[in-house]
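Taken together, the values in this text are just the output of simple stated rules run on the coordinates, not laboratory data. These numbers were taken from a predicted model, which means no experiment stands behind them. Cβ placement follows ideal geometry from the backbone for every residue including glycine, while neighbour counts extend to all protein chains displayed.
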């Protein structure tokens, strides 16, 4: 009783606190649940559900047996087996239901439901719905992917194209940054143009044009591995490094041309031919020149090269390298020379070559390009002898494959590998009005020509297959840069600018006047604020002074009745306003004498001032002799 009284006192105190603090439900008990009743309800529901499923299955089996007996007569042993199986399944289900009755905590479904992974009731026999369709679609997709893997031609993104107009002369250099956002083109017209795919619209205009090397043809343009700087190789002896916006960062030093040993000079002394960046070290790049050397440089030390490689012929004489490149891992340096040789050095050993092929191409022809495959084992060479060859650097004595009849008129004609290393691509040259330049695709293993694209009626000089964008860029001999892509297989790049509509040009209106804000002006001098420029333009159009077209300036002393404003004297003012005024076509003598009668009858200015002092005019009288003299012939008159 004492405990009960204590509880009642505590409840009273709680209610008093709740009333004071304003809580309506303060001190109420938590809601309680009867777990036994909940478990019992769940158990009964499960039992009813399992019994219902069992009855449906028994009906299905009964219907199947009836259909089988009506269609054909089965042996009695077979029927007995089926009945035994049905009875055994019935006994199992009954035992499982009894077990569920005895167990109140854990309820297990029948064994057949556990083995079935599908959610929901079983599908009727012979049903082909969304599941079957999805399986068929998956099979078709797998077949298509297998076909694409077997046929590399289907991977060529050449269904669509766009054309960028660089100029009128040959596009001799082409470069894309590693991300594929910006394209740079250079040509024989000394110009370097910057193209931004994300910023261009369908007008396809370059956002910047510059001439970094003045009057020298652009031979090569390359982005670094980070894409922040560009290597510019021109006909000059000094290579340049520009940033992404075209501003100069570094210029290589020029060597001393009077030194015989080119290893003792700090830079190139003759025209450059090619250049490229190191694939692993972002500060290092390489150039080759007509002075017979291949030099490596560092961006931060422009006063001297890092190392020098000197190609030599089999007799030990100097030969000119026409192209150079790094291997994919950056450990090898390869150069193609004018005598037809391909020489490869170890990057750290610049004296002796590691691989040397004497007759890779015809002697005297310019090897225009060397390109390593992505696996780093295969080397492709584009020769000036109209050939394309594939080499294995592990066995560098003879080419693995060779393609002939590929015309090459330029010393920078490209060749490159596809991103999957299964195709080799190069361009062909043509003479003016003698056909179309082509982009030719060869299978790397069989070296059969699998595809070709007719680009334009000029030579195809540069070609580039970007692995990230999966788009092919070409530079042609008539100043165009063609980009080939596929809307499905390609990514970003040219697809960004094709979908953008052209921007409307905003014409500068000569009628608009700037609104001058004068906050402290008097109300009578304060201009009303313009709500919209359109209404102001309409008002200015109605104003004859504002809508009058300004007269063009006059050059020289005068033209068309106008005098130049260089003279500020009285004579120039008279000439400008009176002498050249052609509006009055009357006789000047008549214009003066028309006021004579009014001036004589009503003098106003001059005559009244001389009325008292003006003498009267006395004229001589004519005599008879004068009249006779006037009548005499002309030859008798006295000469005065």
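Could you calculate the contour length gain from residue 434 to residue 590, that is, 0.36 nm times the residue separation minus the distance between their Cα atoms, to one decimal place in nm?
Values: separation 156, 0.36 × 156 = 56.16 nm, distance 7.90 nm.
Length gained, residue 434 through residue 590: 48.3 nm.
Label 7 Å along Cα→Cβ of residue 304; the stretch 245-270 residues with amide nitrogen under 18 Å?
251-257, 259-269
Take peptides 466-477, 429-440, 314-325 and line them up by average Cβ neighbours within 10 Å, highest first, as a rough protection proxy.
Descending mean neighbour count gives 466-477, 314-325, 429-440.
Want the number for residue 351 to residue 225: 0.36 nm per residue separation, take away the alpha-carbon distance, what's left?
Working: separation 126, 0.36 × 126 = 45.36 nm, distance 2.74 nm.
Difference between extended and current length: 42.6 nm.
At a Förster radius of 56 Å, what calculated FRET efficiency corresponds to the Cβ-Cβ distance of residue 331 and residue 53, to the nearest 0.05? Please list the in-between numbers first.
Details: r = 71 Å, r/R0 = 1.27.
With a Förster radius of 56 Å, E is 0.20.
At R0 = 35 Å, how high is the FRET efficiency between residue 374 and residue 258 if r is their beta carbon distance? Nearest 0.05 is fine. It would help to have the intermediate numbers written out before the result.
Details: r = 44 Å, r/R0 = 1.26.
So the FRET efficiency works out to roughly 0.20.
When the Kirkwood hydrodynamic radius is evaluated over all pairs of different C-alpha atoms of the stretch 183-282, what value in angstrom, to one decimal, is obtained? Show your work: numbers first, answer last.
Details: mean 1/r = 0.0682 Å⁻¹.
Hydrodynamic radius (Kirkwood, Cα only) of the stretch 183-282 equals 14.7 Å.
Specify whether the C-alpha gyration tensor of the stretch 353-456 places it in the rounded, prolate or oblate class, a ≥ b ≥ c being the square roots of the eigenvalues: rounded for a/c under 1.5, otherwise prolate if a/b is larger than b/c and oblate if not.
Working: a/c = 2.20, a/b = 1.33, b/c = 1.65.
Oblate, because a/c is 1.5 or more while a/b does not exceed b/c.
Could you tell me how far the Cα centroid of the stretch 406-433 sits from the Cα centroid of the stretch 325-364, in Å?
The two parts, judged by their Cα centres, are 20 Å apart.
Return the FRET efficiency for the residue pair residue 521, residue 201: r is the Cβ-Cβ distance, R0 is 45 Å, and the value is rounded to the nearest 0.05.
Numbers: r = 44 Å, r/R0 = 0.98.
After rounding, the FRET efficiency stands at 0.55.
Apply the a/c threshold of 1.5 to the C-alpha gyration tensor of the stretch 419-461 and tell me whether it is rounded, prolate or oblate.
Values: a/c = 3.29, a/b = 2.66, b/c = 1.24.
Prolate.
Viscosity 1.002 mPa s, temperature 20 °C: what is the translational diffusion coefficient of the stretch 157-498 from Stokes-Einstein with a Kirkwood Rh over Cα pairs, rounded to a whole number of µm²/s?
On the way: Rh = 19.9 Å.
The estimated diffusion coefficient comes to 107 µm²/s.
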